[in-house]
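The values are calculated or read from the model by the stated rules, or taken from the named source; none is laboratory data. Computed from a predicted model, the values in this text were never measured in an experiment. Note that we place each Cβ from the backbone using ideal geometry, even for glycine, and neighbour counts take in every protein chain shown. Heads up: the accessible areas ignore ligands, DNA and RNA and are worked out on the full protein's heavy atoms, side chains in. Shrake-Rupley method; radii C 1.70, N 1.55, O 1.52, S 1.80 Å.
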Amino acid sequence: MQTHFMKDRGVDATSQTANTRPADMLTIPDLIRKKRDGGQLSDDEIKAFIQAVKEKTIQDSQIGAMLMAIWLNGMVSAEIKALTREIMLSGEVMEWPDEWKNFMVDKHSTGGVGDKVSLVLAPALAACGCKVPMISGRGLAHTGGTLDKLESIPGFKVEQSREQILEILDSVGCCIVGQTETLVPADRVLYALRDITGTVDSLPLITGSIISKKGAESLSALVLDVKFGRAAMCKDLESATELAQMLVEGGNSLGIRTAAVLSGMNGSIGRCVGNSVEVIESLETLKGNGPDDLMELVTTQGGLLLVMTGLVSDLSEGRKQISEAVVGGAALSKFQAMMEAQGVNSDTAQRLCATNTDYYSVLRKAKHQLELKAPADGIVLEIDGLVLAQVLHRLGAGRSKAGEPVNHSVGAVLLVSIGQRVTKGVSWLRLHYEDPALTPDQRNHLESALTVGTDKKLQTQQKRTLVEKILPKKYAY
């Protein structure tokens, strides 16, 4: 991950002139030169740049040049705060009834494999008394998108107006929707250009993009799931901690109580990866049958939000309340109500939420299923989540460019767990796919995701945990 901070660099006469010219006289090329040469942009200069982006009075090439200047030289804290604030203010900032204001919460994940936390967490928080206006995204590259998962449910509408969001929050307490046209329009422009200018991994630009959207939701509390590992954007705990600290500071600067959970992302979350199959696993979790790693993330993130809203006094009590909402069925009732409020036929919603239901009587099932077999006796040491996600992406579960369709039925279900003893020939993965069939290369790649060995430590390991750290530390107890 690129992590440049401000650098001291020599400047030429041209940029010296730009740096000393009054702010209201600086042109966009002046601002680009100033940042290119290591200068610190003032609040007014950042405001002028974002205004030009929003009003389309600036060329894409100039925006790209500024993005690269930020990527190369970084931004100091004051610049990041100003950038985040101005992106947020480029569009509508949502307003809520006074009696809700202390209980407006949301979460954001930096992206992982099998990350279905939102589908369980949003209704659990609503069951605990929070209001959750969850504005989510679509999948890109190997990471799955919450909206794509929900759209595998027939009739589910992720596009909702501000008035509809208000109505759903009033009646249900949570909604999961796409970004409206009026929220942070400047971010849509910057986000698209970051992708094609090689500046996606700039920490200041990541912070501005994520936190501006959450600021526009007028939240009282926000939790960030910052992932690290092979299948994450941040490859190690150190770079994830740096990003988490920047995001927490950005959220706090907008008056949002903000915490971050740093969690490992080498494998997958739960046993299902793909759109429909992850909806099934989420529903099973809401029926009290969830995998430990998914429940760890749900209860930790939900518990933190309950602490930050003052609904509980400590994280232990927060985790307990979220767990009870999930296991006891209150969160499932909220999920059913949310589905119906967002366009799903009531009979369909009831069938999905019924005990021992046939999910494929509602959700589309892939034309083909294939089971892969363990190559040897031993203990499952690793299942590489990135490899799984990359193959599924190529089979149609994901998209390479924004706007492309996804195949909701493509997915994989893990049939074994890390630390489990297996015998040669036992099935370890069930693949759901459509035509065309898996190529030999794709099959080999998929088979390489499983590592079987003889590590005795894993045999005695009680439980695999994903959460490594919580920031700030005061919320961890």
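Before moving on, here are some points about what is shown:
- Cα gyration tensor shape for region 297-390, rounded if a/c is under 1.5, else prolate or oblate: oblate
- Convex hull of Cα atoms in region 209-283, direction-averaged projection (nm²): 5.9
- Leading residue at positive end of dipole, the chain (Cβ point charges), from V53, S118, V93: S118
- Average Cα contact separation per residue, the chain, under 8 Å, 6 or more apart, as relative contact order %: 18
- Average projection area in nm² (convex hull over Cα atoms of the chain, one quarter of hull surface): 23.5
- Once the Cα atoms are used to define both axes, helix 60-73 deviates from the longest principal axis of the chain by about 80 degrees.
- For region 276-346, the fraction of alpha-carbon pairs lying more than 15 Å apart is 57 percent, rounded to a whole number.
- Nearest-20 debye value, the chain charge dipole, Cβ charges on Lys, Arg, Asp, Glu: 880
- Integer Hz, Karplus 6.51/-1.76/1.60 couplings in order for region 415-421, x for Gly and Pro: 9, 9, 10, 4, x, 7, 7
- For E159, the amide hydrogen comes within under 5 Å of the amide hydrogens of G178, counting only partners 5 or more places away or on other chains and with H modelled in the peptide plane.
- For region 34-149, relative contact order (Cα pairs under 8 Å, six or more residues apart, normalised by length) works out to 21 percent.
- Seen against the Cα atoms of the chain and their longest principal axis, helix 237-253 is set at about 60 degrees.
- Whole-Hz ³J(HN,Hα) from phi, Karplus 6.51 cos²θ - 1.76 cosθ + 1.60, for region 118-127, glycine and proline x: 4, 5, 9, 5, 4, x, 5, 5, 4, 5
- Relative contact order (%) - region 106-262, alpha-carbon pairs under 8 angstrom, separation at least six: 25
- Per residue, the chain exposes 41 Å² of accessible surface when a 1.4 Å probe is rolled over the protein heavy atoms with every protein chain present.
- Helix 162-171 and the longest principal axis of the Cα set of the chain meet at an angle near 40°.
- Overall dimensions of region 72-136, expressed as equivalent-ellipsoid semi-axes from the Cα gyration tensor (√(5λ), whole Å, largest first), are 27, 20, 10.
- Divided by 2.2 N^0.38 Å, where N counts the residues, the Cα radius of gyration of region 324-452 comes to 1.28.
- Surface accessible to a 1.4 Å probe, V93 within the full protein complex, Å²: 50
- With every protein chain in place, the chain: carbon and sulfur % of accessible area (1.4 Å): 49
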